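Only one structure is covered here, and it is reproduced in the block below.
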Amino acid sequence: CGNADSMMDAYYYLAKVTKPASAATKNQTEVIYVKDGSKEWVVYVLKSHKVKKAELEVGAVLLYPTGWAEYDTISAEEYRKATWAPGRVTSTDDLFKGIVEVRGEKFYTQLLRAPDEPIEE
């Protein structure tokens with residue numbers, strides 16, 4: 001979930017929805033963040049899944065954990081508490097090594113997530 005001018009400009013964090021968006025909440029969703037238990041009203045909520053090999057193509061929008069470029073592992077706790085950002089795949093030249101480039105940075109594919117629905121730009 002995140003707050004920004006567009007879904008592509010937002011940062012996302014693992015959270016539990018406590019109150020879904022509705023007309024009464026001005027289409028905002030209340031969430032509790034896993035990272036610290038804080039509550040916030042957010043504009044964007046984005047369901048995602050671990051990326052599948054078929055989704056790894058140039059131009060695809062994926063979510064990457066910020067600050068984790070070129071790391072091949074991340075602890076389960078760091079993964080759950082990470083700040084996630086959307087970005088387009090810019091290169092798959094090193095896919096045979098399990099690496100793709102997102103926004104010009106190299107990420108190991110096991111760290112990436114794919115949105116369950118298209119991201120509005």
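The figures follow:
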read-out: Pairs where the first residue, in segment 72-92, is more than 20 Å from Arg103 (Cα to Cα) and open to solvent by 50 Å² or more (accessible area, probe 1.4 Å) and the second is part of a strand (DSSP E or B) and among the aliphatic types (A, V, I, L, M), C-beta under 9 Å, 6+ apart; value: none
read-out: Every residue from segment 29-48 that is touching a Ser or Thr at 6+ places or on another chain (Cβ under 9 Å) and either without any contact (Cβ under 8 Å) to a residue 24 or more places away in the chain or farther than 16 Å from Thr83 by Cβ (or both); value: Thr29, Glu30, Ile32, Lys39, Trp41, Val43
read-out: Residue count, segment 29-42 (criterion: over 15 Å from Tyr11 (Cβ atoms), open to solvent by 80 Å² or more (accessible area, probe 1.4 Å) and either in a loop (DSSP other than H, G, I, E, B) or among the aromatic types (Phe, Trp, Tyr) (or both)); value: 1
read-out: Qualifying positions in segment 40-74 - of a type outside the set (Lys, Arg) and within 11 Å of the chain's Cα centre (by Cα); value: Val45, Leu46, Ser48, His49, Val51, Val61, Leu62, Leu63, Tyr64, Pro65, Thr66
read-out: Members of segment 43-54 found to be at pLDDT 95 or above and in a loop (DSSP other than H, G, I, E, B), listed by number; value: Val51, Lys52
read-out: Residue that is most open to solvent (accessible area, probe 1.4 Å) [pool: residues in segment 1-14 that are assigned to a loop (DSSP other than H, G, I, E, B) and either touching a helix residue (DSSP H, G or I) at 6+ places or on another chain (Cβ under 9 Å) or closer than 14 Å to Pro115 by Cα (or both)]; value: Tyr11
read-out: Tally of residues being touching a residue at least 12 places away in the same chain (Cβ under 8 Å), part of a strand (DSSP E or B) and open to solvent by 60 Å² or more (accessible area, probe 1.4 Å) across segment 15-28; value: 2
read-out: Residue list for segment 75-121, restricted to those being part of a loop (DSSP other than H, G, I, E, B), charged (D, E, K, R) and under 13 Å from the mean Cα position of the chain (by Cα); value: Asp116, Glu117
read-out: Glu57 being in a loop (DSSP other than H, G, I, E, B), at pLDDT 95 or above and not small (Gly, Ala, Ser); value: yes
read-out: Val100 being at pLDDT 95 or above, under 17 Å from Asp9 (Cβ atoms) and either open to solvent by less than 40 Å² (accessible area, probe 1.4 Å) or not β-branched (Val, Ile, Thr) (or both); value: no
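The values are calculated or read from the model by the stated rules, or taken from the named source; none is laboratory data. All values derive from a computational prediction rather than experimental measurement. Neighbour counts are summed over all protein chains in view; Cβ atoms, including those assigned to glycine, are modelled from backbone coordinates with ideal geometry. Heavy atoms of the whole protein, side chains included, go into the accessibility calculation; ligands, DNA and RNA do not. Shrake-Rupley method; radii C 1.70, N 1.55, O 1.52, S 1.80 Å.
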